[in-house]
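Report on the following structure.
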Amino acid sequence: MQLTVANLPVYAFGCAIASSGGGGSVKTPLAMAIQAVGARGPVDVVEVGRLPPDGIVMPAGLIGAPMVATERIWSGEEAFILREQVETLCHAPVVALMSYEIGGSNGLLPVTWAARLGLPLLDADGMGRAFPEMQQQAMHLAGVPASPLVLTDGCGDVAVLWGTDNYRAERLARRAMSLFGGACAATAYPMTASRAATAVIRGSVSRAFKIGRSLRLRAMERISAITEDVGGTVLLNGKIIELSRESDGGFVRGSAVVAGLGQDANRLLRLEMQNEVLLALEDGERLATVPDIISVIGSDTCDPLPTEGMRLGQRVTIVAHPGPPVWTTPEGLEVAGPRAFGLPFDYTPIAGLAAHAR
């Protein structure tokens, strides 16, 4: 499989659906990826078994508040800085890049960087969706250390961080990121290809591309195609009537209230957010919750909306669909379940929560 100028918009749509509203808007990163691939040629998407076992897989993306990241256009030079540091620290060549977060812009920026570096992109990622914190990675569950983390603004400033554990590494990265203006390019969890084989979520790029094929359908047909592709449930069709967001400690936190329209008239849905949409409530009852994915989709355009792109008065369709199975294991829920975000309840699958939703 290759990512080309022609099929990158399809892939970007799949990344946006997987984001649960987080990971940043795909619009600018898509333009960057198209420019890089147009100039340097298609990016090969490879299985981990095709890589030299001792070569280094470099998971990469952005760290920071999506509202800040959308205001920056990355030059592509950060890719060379990250690779140079990783190869020096690991004493081995980087043989492939990987998105450490397939959702949103972090699914696309590694495509730009892979094109610039002339390297393949691994058909895998660390989250299978978007999460706000760096320890919320499949590599963490597999025992791979996040350190060394390398952060750069792409202008020559570099920070190399070593955490005593992956939670500490996340806190260090969050503090350092603020010195780069609230968002920075980063790599974490560098590992050999042989270690990646048992530590990553495989097939993430292929899945995003498969979901993105819904983009080719007419707008009114897309939502049903999306829900079929991802095994999703439409929770509500409505209009955003209340919205609050604020940046805090490298995160965007807030909530939105969606008033039902048409057959959903007289219903109100509340969404709670921390970069991503974490929770959907109706009359105080949960309809969907992290680690399952809650997507806010423009009803007229069928474009998935990042949390920073939500606006009052927008007509939206709220779709919930299962996240990667790794996050519903006991170990996964400890890291990325509701209680990991301070929510006072345990995880219940969508089928158990939204049985009454259309």
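With the condition kept exactly as written, say whether any residue in the stretch 351-358 is closer than 29 Å to Arg202 by Cα, at pLDDT below 95 and outside any helix (DSSP H, G or I).
Yes, that holds for at least one residue.
So which pairs qualify, if the first residue must be in the stretch 307-328 and buried (at least 20 other Cβ atoms within 10 Å of the Cβ) and at pLDDT 90 or above, the second must be polar (S, T, N, Q) and assigned to a strand (DSSP E or B), the Cβ gap must be under 6 Å, and the two must be at least 6 apart or on different chains?
Listed pairs, sorted by first residue: Thr317/Asn237; Val319/Ser295; Ala320/Thr233.
Just checking, which of Ala39, Ala18, Ala69, Ala33 is under 29 Å from Pro291 (Cα atoms) and at pLDDT 95 or above?
Unique residue meeting the criteria: Ala33.
Which numbered condition trips up Gly55, out of (1) more than 20 Å from Glu101 (Cβ to Cβ); (2) open to solvent by 10 Å² or more (accessible area, probe 1.4 Å)?
So the condition that Gly55 fails would be (2).
Which condition from (1) surrounded by fewer than 24 Cβ atoms within 10 Å (Cβ to Cβ); (2) within 19 Å of Pro325 (Cα to Cα) is the one that Thr88 breaks?
The failed condition is (2).
For (1) part of a strand (DSSP E or B); (2) open to solvent by 10 Å² or more (accessible area, probe 1.4 Å); (3) among the hydroxyl-bearing types (Ser, Thr, Tyr); (4) farther than 11 Å from Thr112 by Cβ, each residue gets a yes or a no:
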site: Val37; (1), (2), (3), (4): no, no, no, no
site: Asp44; (1), (2), (3), (4): yes, yes, no, yes
site: Ser75; (1), (2), (3), (4): no, yes, yes, no
site: Leu82; (1), (2), (3), (4): no, no, no, yes
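Can you tell me which residue among Glu77, Glu84 is of a type outside the set (S, T, N, Q) and without any contact (Cβ under 8 Å) to a residue 60 or more places away in the chain?
Answer to the selection: Glu84.
Take Ser206 and decide whether it is without any contact (Cβ under 8 Å) to a residue 12 or more places away in the chain, in a helix (DSSP H, G or I) and of a type in the set (Gly, Ala, Ser).
no
Conditions first: (1) free of Cβ contacts under 8 Å to residues at least 60 places away in the same chain; (2) in contact with a Gly (Cβ under 8 Å, 6 or more places away or on another chain); (3) among the acidic types (Asp, Glu). Asp264 passes all but one, so which condition is the exception?
(1)
The values are calculated or read from the model by the stated rules, or taken from the named source; none is laboratory data. This one's a predicted model, so the numbers in the text were calculated from it and none came from an experiment. Glycine also receives a Cβ, built like all others from the backbone with ideal geometry; neighbour counts cover every protein chain displayed. These accessible areas exclude ligands, DNA and RNA; they are computed on the full protein's heavy atoms, side chains included. Shrake-Rupley method; radii C 1.70, N 1.55, O 1.52, S 1.80 Å.
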